[in-house]
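Here's the structure, in C-alpha cells; my notes come after.
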Amino acid sequence: MFRNFVIIITLAAILFSAALSSAAVSPFEGYTLYSPNLSNNTYLVNMGGSIAHSWYNSKRGGYSVYLLENGHIVRPASPNMTYLNGGGSAGLVQELDISGSLVWEFEYNTTQHLTHHDIEPIPNGNVLAIAWEVKTAAQAVQAGRNTALVMWPDHVIEIQPNGSGGGSIVWEWHVWDHLVQDYDPAKDNYGVVGDHPELLDINMPLGGIGGPGSADWLHLNGIDYNEEFDQIILSSHFTDEFYIIDHSTTIEEAAGHSGGSSGMGGDILYRWGSPENYDRTGAEYFDVIHCSVWIAEGYPGEGNILTFNNGEGTHISEIVELTPPVDAAGHYSIEPNSAFAPENPTWVYSAGTGFYSNHLGSCQRLPNGNTLICESTSGDMFEADSMSNVVWNYNTSYEIARCLRYGLNYPGIEAIFPNAVKGKADLLPEMEMTVYPNPFNQRLTLEFTLQEAGEVSVIVYDSMGREIAALGLGHWASGKHSVVWDADGVGSGVYFIRLVAIGRWPVAKKVVLLK
C-alpha cells in the first residue's frame, strides 16, 4: 500500500544538530535523499550528516527525486531548451543508475505541453508525471471561462520505460475533461458549481498575472500514489486544495464521468482545503500547499493524508494530517450541500514563527510515527515526533523542494551500501585520502586506495558548500588511484575535497589555495 519506503534529506555537510527530548521518540535510522533546486547533483546523507553517496547528471533537476529498489534514482530534469517556462518547469524524466549513468530518459517538451514539478514512480515500474497543456483564449471561452485568456491546465501522464533508453505514455488524465461553469448556460459543461464537487470550476481565478507561466491555472506541484485503492493525489498551489482521482480507469474512462473502480471515471473523488472553490460552506484552511501524500500502510496514521501548508499570508507554515471519509473500497462520502469532511485536521505540526517556507516544502510519515519535514527555502530538514519535539535536524544553505528518508533495510539502500553495518546508518568501513601539496597554488594531487571496485565521486566544494569541480564520477577499479585538481581560474581560498565510494565511509579534506 502507498509508498512503502522511507524518506530523504539534504546537502553538503554544512550544519548538523540533533536535539533529543526525554519524551521524544528517537530518530528513524536511515539515509536521507535530496537534490538542491536547479542542481545537477543528488545526495544521500547518513544520520550523522555526512554525504554517503551522490549522483551527477549534466541536466539540471532538483524538484524531487526517488530511490528505486535497485539503487537507481528517478528524477525530473530540464532539457537545454523548453518551449513553455513557468515555476517548476521540467520537460524530462530520467532514471540514473548507482553510478549516475543514464538508464532511460523521456522528454515531454513542445510548444503545447511540458512536464513540471513532481513525479511519482509506481509499483508497475512506470512513472507518473504532472504536465501543462496549452489552451487558447478561444478554447477557454468555449469551455466557459468568463475572460478570454490563454490557459495552461494540468494533466497527468503515466510513462512506461520501453527498455531501449526511452519511454511511452500509457495512461493520461486531463483537468480539461472535468470542468464545470455557471457563466454561460449555452456551454456543454454548464451546471451549478455547487452541485458538482467532482468537477473544477473553470472560473476559479488564474494564479499568475503577466510574465512567463501566467497562464498556469492550478499550478499542481505534488503527486502521490495509493497502491491499495489505485488512486492519485494532486496538490494545487493556486486553489489551496488537494484532489484525489481514480487511476484504475482506461484512458477513455479517465476523460469521462463513469468507469474505473470508483464508477466516476476521471472526476474528482475527494478534495479538501477550500470549500468555496465548489460553492460549499466552510472555512478555507490552506494558504498555498505542497506535497500532499498518503501515510503508508503499517505506519502510525496509515491511510491519512499529510500536506505541507505554507501559510503564505501568516508567514507560519505547518504540517497537516487529515483523516479522509473513505471506506474500505476507496469510496469517499460527502453529505448533500456540505463540504467534504473532516472539518478539522487530525494532527498539526507547527513551530510558530520559527517554521516557515513561503513556497515548496515536503513531509513524510516515518515508521516510528515521527514526521520528516523539509522547510525548503531555508534548506532545513528535520524529524519531529507526534509531540512536536525535533529529534533530528540537518541544514544546508541550499533551497531544496523535497527530502525522503529510506530505511536501512530498504533494497535500494542495500544495493548502494552492500558492506554497510546493519542497524546503524553512520557505520561504514573507513577509507583514507591523501592530498598534497597543501597549501597549493594551482595543482593539487589526491591519492586514495579502493579495496574493491565500485562507484566513486570526488567533488570539490567551496567554504559555502557550493560545488566547484567534479574530479571523478563513475565506476573505479580496485587499487591505488591518483587524481589531480587543476585550479586554474579558481580564486584563492579554503576548499573541501569530498571522496565518496559506495559502501565506504566518505572522507573530506580541507585544502588552501594560495595564488
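Every number here is computed from the coordinates shown, using simple stated rules; none is lab data. Everything numeric here is computed off the predicted structure, so don't read it as measured data. Ideal geometry is used to build each Cβ from the backbone, glycine not excepted, and the neighbour counts take in all protein chains shown.
Counting 0.36 nm for each residue step from Ser258 to Asn162 and taking away their Cα separation leaves a gain of 31.5 nm.
In the chain, taking the dipole from charged Cβ atoms about the Cα centre, the farthest positive-side position among Leu68, His331, Pro342 is held by Leu68. Rounded to a whole number, what is D in µm²/s for the stretch 28-128 from Stokes-Einstein with the Kirkwood radius over alpha-carbon pairs (25 °C, 0.890 mPa s)? The estimated diffusion coefficient comes to 176 µm²/s. Basic side chains Lys and Arg get +1 at the Cβ, acidic Asp and Glu get -1 at the Cβ, and with that the dipole of the stretch 433-513 about its Cα centre reaches some 200 debye.
Taking 0.36 nm per residue of separation and subtracting the current Cα-Cα distance, fully stretching the chain between Val507 and Glu447 would add 20.4 nm.
Over the chain, dividing the summed -39,500 (n - 2.57) contributions of all DSSP H runs of at least 4 residues by the number of residues returns a 222 nm mean residue ellipticity of -500 deg cm²/dmol.
Within the shell of other residues whose beta carbon sits under 12 angstrom from the beta carbon of His196, the net charge comes to -4, with Lys and Arg scored +1 and Asp and Glu -1.
Our coupling estimate for the stretch 471-480, obtained by passing each phi through the Karplus curve with A = 6.51, B = -1.76, C = 1.60 and θ = phi - 60°, is 8, x, 9, x, 8, 10, 6, 6, x, 8 Hz, Gly and Pro reported as x. Computed from backbone phi, the HN-Hα couplings of the stretch 450-460 come to 9, 6, 8, 4, x, 7, 9, 10, 10, 10, 9 Hz, rounded to whole numbers (Karplus: 6.51 cos²θ - 1.76 cosθ + 1.60, θ = phi - 60°; Gly and Pro given as x). Both the radius of gyration and Dmax for the chain are 23.7, 79 Å, in that order, over alpha-carbon atoms. Over 29 Å apart at the Cα level, from the set Lys424/Lys509; Lys59/Lys515; Lys480/Lys510, are Lys59/Lys515. Take the Cβ atoms of Asp230 and Glu335, set R0 to 25 Å, and the FRET efficiency comes out at 0.45. Net charge in the neighbourhood of Gly62 (other residues with Cβ under 12 Å of its Cβ; Lys, Arg +1, Asp, Glu -1) is +2. Farthest towards the positive end of the charge dipole of the chain, among the residues Asn162, Ile373, Ile497, is the Cα of Ile497, using unit charges on the Cβ of Lys, Arg, Asp and Glu.
Here the contact order of the chain, divided by its residue count and restricted to Cα pairs under 8 Å and six or more residues apart, works out to 15 percent. Taking Cα centre as origin and charging only the Cβ of basic (Lys, Arg, +1) and acidic (Asp, Glu, -1) residues, the dipole magnitude of the chain rounds to 2340 debye.
Projecting label points 7 angstrom from Cα along Cα→Cβ for Ser388 and Trp171 puts them 3.9 nm apart. Projecting the Cα positions of His475, Thr307, Leu92 onto the charge dipole of the chain (unit charges on Cβ atoms of Lys, Arg, Asp and Glu, taken about the Cα centre) puts His475 furthest along the positive direction.
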